[in-house]
Each structure stands twice: as structure tokens, then as C-alpha cells.
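Quick notes on the structure that follows.
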Amino acid sequence: MPSYTTSYTKETTLRVAKRYRNAKRAYLLVNPLQAKHMPVSPTEALTMMRTLGEGLRQEFPGARLVLGFAETATALGAAVASRLGPDCAFLTTTREAGEGPGWVRFLEEHSHAAEQKLWGGDLDALLQETDTVLFVDDEISTGKTLRNMVAQLTRRWPALGEKTLVAASLLNRVTPEQEEALADAGITCRCLVRLPQEDHTAQVADWTVTEAPPAVPQNLSFRQETLPGEGLLDPQKTLRIGAYDSSCQAVAEAMLSHTLGPVETLGKTLVLGTEECMYPALILGERLERLGAEVCCHATTRSPIGLCDAPGYPIRSGWKLPSFYEEERTTYVYNLREYDTVIVVSDTKKTDLRAIQALASVLTCKHLIYTQGEGYVWKLSKG
């Protein structure tokens, strides 16, 4: 299986954490460069993602359809699609509510939230535009989820079976036998880093972990503003990556022009995405970094990960939060640090402030800014 670069290695892209009370798989692989569970420079994260995209562009120039897997690979999928040209079609799977005949459901069996959905309403037309379909995920361990998904999709859209199908990932751990099974299903693998398929269960068994405590919402006084422009587009339904990139850049520009003030006043800054919404936060973070700000990015997540202060353990602190999308859902944020400014970028349509009130209660920062998908911004000065 070809990998596209030798500049990324196991040492730079892999940490092992212990899932909290997950009977399906005891451990979680954490990529410290991916801007999901651990804070990292947005430029560094996007450079890694675009490196995979550039390799795919050179090898599969006819690819015009990219599917990114929720929740961890949504930004990765967008970054890959952006290397293939503005007309490349892009969509993500989702764990959000999707009802109606256009949605396809499939299972990611080892996950804490196993059911995923894919919008298939445009697939007939999209398959006519491309000779290659790229399925983009952060990690491929066995290939079983993808094989099952492709079989399911091909039964409904037979034209998919006539295309070159590529399982593209940052990390790939499939065995030669599993790679052969993928090939038998018409799927070829490409990655940045090839890893052996190690079972880390024994490694994490020695770690004593604790559950992230709940962050309690506080009735803090936010000031509301309206952000110019049309807000963020929704990649859960098919769009052209050029349009999605433009909407992310437009929100970043509006934040810079109307909300944030001079970059030199921001100080140490965190740009935080929410669950499946990672790419817009990275784009804003990259813009700020290019202007000279000290920035890192990561995102909230549905993944319950154990906290531990053992040497080298990647998830050392964390909090439970209400979801920005669904009131009854629990999400998490890990490895928060002390910042001057925190900017939360979400594509939620909800204007309820319960989640941001809870997050505000555990942040150590002077200024908190929250931008929401419909184009509203809330500001809080904490002193």
C-alpha cells in the first residue's frame, strides 16, 4: 500500500488513550496533529491534511467526489477535496438527525455512536461526473465499516461499482489479508502513515482513568451581534468544495473585520470547533495565524475518553458539556489551557446558549466569542 510522504511518522501522528467504559474497544487512537482532541497549530493541522489531498490529486486527477467521515474526518475530507479543485463535490457522513428517503444509514460498529448517515439524494448525478470516489477517514483499522458501506451503496447505486474507489486516511492499520478483502470489494488504500495492526488493549489496561466532570451552565451575560454574510454552508448535503471554502473564508473575514478587532489585541487564542464542525474553525485559525496571532485549534467531541496524568498520556483534562446541537446529548472538550481569547465556531442552527454557558464556566480566558451557523455572534468579557 503506497503512502504519500515520509515526513509523518507513527511518533508524530499517534497517541493511545483509554476510552471511558466502552465495551466495544478499550482504546482510542489520538492524532495530536488533527485538531480534534488535542490543541495544535491550525496551519500544522491543515498542512498535514492537504499533504494527503495533494498526493491523491496527483494520483487520481479525475476524482470529483469526496466523502468525509464524521466526526473526526470532516475537516480532513474538506481539506482533501480542496486540493482537487473548486468543482469537486464534497459531503460528509453525519450522526445528526437526517430523516427522509434521501438518507442512507450504516453502522460504524466499534464506535461509541455507531449509527452514521449519508445523504444520497445527489449520488446519481455525482457519479456521472467522476471516475474516482474518495472515502476519507482519519484512521482505517480493518476496513470492515467501509466494505459494508460500499456494498450497501452499490446495491442502491450500481454505478458506484464501476468507479475507482479509494480509502484515503492519515493512518492505515489494515493487515495484508484485510487489504486483500478491500481490494476484492474494489477498494484501494492510500495513506500518509502505514502502521502495524496492534491491539493496544493491554497497554491501556494499566492506566487508571477518571471520567470528565460536568461543566455546569452559568447565567453569564453575553452581548449578541449579527455577523455580516450568509453564514456557513452545510456539508452534510452535497456541495462544491469551492463554495464551502468560500463560505468558511467569508465567515473568517467577517469575524476579522467586524468582531475580533486588531489581531495583536487577541493574545494567546484558541479557536474551537464543535463536534462535526471542524473545518471552519481551522480556516479562521489559519487566517489568524497568518496575521501573526498565537493560535491553536481543536474541537468538542462525542467521544468519552478517560482522563489520566500518566507520563505521555494524551488526554489529561476534560469536561462534559451539553451539545451545541442537541440538548439531551453529552459532548466533551479535552486539554483546555489558559488563553486570552477563545473563539467558538459552530454551524449549529440552535440559538440556545446552554452549551456556551457551560463551556464559559470552565474556560480560563479574558474574552469568549461564539459564532453560530445562522450568523449570530455572542461575546463575553470575563475580566
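The values are calculated or read from the model by the stated rules, or taken from the named source; none is laboratory data. Note that the structure is a prediction, hence the values are computed from the model and not measured. When we count neighbours, we look across all protein chains shown, and the Cβ atoms used for this are built from the backbone with ideal geometry, even at glycine.
When the residues of region 188-220 are narrowed to those that are over 25 Å from residue 27 (Cβ atoms) and among the β-branched types (Val, Ile, Thr), which ends up surrounded by the most Cβ atoms within 10 Å (Cβ to Cβ)?
Top of the filtered list is 188.
Going through region 255-304 one residue at a time, which ones are of a type in the set (S, T, N, Q) and under 20 Å from residue 38 (Cα atoms)? Walk me through it before giving the result.
Restricting attention to region 255-304, the residues satisfying the condition of being of a type in the set (S, T, N, Q) are 257, 259, 265, 269, 274, 300-301, 303.
Selection gives 269, 274, 300, 301, 303.
Test of understanding: among 340, 352, which residue is at pLDDT 95 or above and acidic (Asp, Glu)?
Selected residue: 340, the only one of 340, 352 that is at pLDDT 95 or above and acidic (Asp, Glu).
Residue check, residue 68 against (1) in contact (Cβ under 8 Å) with a residue 12 or more places away in the chain; (2) small (Gly, Ala, Ser); (3) out of contact with any Cys (no Cβ under 9 Å at 6 or more places or on another chain); (4) more than 24 Å from residue 38 (Cα to Cα), all met but one. Which one?
(4)
Within region 229-339, considering only strands (runs of 3 or more DSSP E) that don't extend past its boundaries, which have at least 3 residues that are touching a Gly at 6+ places or on another chain (Cβ under 8 Å)? Don't jump to the end; show me each part of the working.
On the way: elements: 268-273, 294-299, 318-322, 330-334.
In region 229-339, the matching strands (runs of 3 or more DSSP E) lie at 294-299, 330-334.
Only residues in region 36-51 that are within 11 Å of residue 272 (Cα to Cα) and not assigned by TED's automatic domain parsing to the domain that holds residue 296 count as the first member; pair them with residues that are among the aliphatic types (A, V, I, L, M) and assigned to a helix (DSSP H, G or I), Cβ under 7 angstrom, at least 6 apart or cross-chain, and list the lot.
Within 7 Å, the pairs are 42/282.
If I ask for residues that are charged (D, E, K, R) and closer than 15 Å to residue 236 by Cα, which ones from region 116-133 would you list? Quick ask: steps written out before the conclusion?
Keep residues of region 116-133 that are charged (D, E, K, R), which gives 117, 122, 124, 129, 131.
117, 122, listed by residue number.
Identify the single condition in (1) surrounded by 18 or more Cβ atoms within 10 Å (Cβ to Cβ); (2) at pLDDT 95 or above; (3) out of contact with any Asp or Glu (no Cβ under 8 Å at 6 or more places or on another chain) that residue 365 does not satisfy, given that it satisfies every other one.
(3)
Being surrounded by fewer than 23 Cβ atoms within 10 Å (Cβ to Cβ) and β-branched (Val, Ile, Thr) is the filter here, so list the residues in region 325-340 that pass it.
330
Need the failing condition index for residue 187 against (1) closer than 17 Å to residue 145 by Cβ; (2) in contact with a Ser or Thr (Cβ under 9 Å, 6 or more places away or on another chain); (3) of a type outside the set (S, T, N, Q), just the number.
(2)
Identify the residue in region 223-258 that is more than 25 Å from the chain's Cα centre (by Cα) and farther than 28 Å from residue 94 by Cα and, among all such residues, is surrounded by the fewest Cβ atoms within 10 Å (Cβ to Cβ).
First, pick out the residues of region 223-258 that are more than 25 Å from the chain's Cα centre (by Cα): 223-226, 228, 257-258.
Remaining after also requiring farther than 28 Å from residue 94 by Cα: 223-225, 257-258.
On the way: 223: 9, 224: 12, 225: 15, 257: 11, 258: 14.
The extreme case among them is 223.
Is there any pair with a first residue in region 171-184 that is among the hydrophobic types (A, V, I, L, M, F, W, C) and a second that is assigned to a loop (DSSP other than H, G, I, E, B) whose Cβ atoms are under 6 Å apart and which are 6 or more apart or on different chains, and what are they?
Sorted first by the residue in region 171-184, then by its partner, the pairs are 171/195; 174/143; 182/143.
I'm trying to understand the selection: among the residues of region 288-321, which are touching a residue at least 24 places away in the same chain (Cβ under 8 Å) and of a type in the set (D, E, K, R)?
Those that are touching a residue at least 24 places away in the same chain (Cβ under 8 Å) and of a type in the set (D, E, K, R): 289, 290, 294, 302, 320.
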